[in-house]
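The values are calculated or read from the model by the stated rules, or taken from the named source; none is laboratory data. The structure displayed is predicted, hence computed values, not measured ones. No Cβ is skipped: glycine too gets one built from the backbone with ideal geometry, and neighbour counts run over all protein chains shown. For the accessible areas, the whole protein counts, side chains as well, though only heavy atoms, and no ligand, DNA or RNA atoms are used. Shrake-Rupley method; radii C 1.70, N 1.55, O 1.52, S 1.80 Å.
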Amino acid sequence: QGDLLAMIGPALTPRGDTFLVRTYGDVLANDEKKVLARAYLEAVVQRTAEPIKAAEGATGDAAWNPTDEFGRKFQVISMRWLNEEEL
């Protein structure tokens, strides 16, 4: 396994993933029992191959090794408000 990975390792790159995220929020009255308003949001988010923070001064392949615990960047591709019929 080590020999195989040593040969193909330089050609490997992280891939991007795309996620559909839906969320909602309520506005409650002061007594917190009555919902005054509700909103629904849908977002398409892409995880890119680019690290959040590259190693300082690193170049080439070493620049792709993240130096923090969060890993790779996320980019919001699109957002739209939904109504209840679209859920």
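Within segment 58-82, restricting attention to residues that are open to solvent by less than 70 Å² (accessible area, probe 1.4 Å) and at pLDDT 75 or above, the residue that is nearest to GLY9 (Cα to Cα) is ARG72.
Restricted to segment 13-57, and to residues there that are closer than 27 Å to ILE77 by Cβ and among the acidic types (Asp, Glu), the residue that is modelled with the highest pLDDT is GLU42. Scanning segment 1-22 for residues that are more than 29 Å from the chain's Cα centre (by Cα) and assigned to a loop (DSSP other than H, G, I, E, B) turns up at least one hit.
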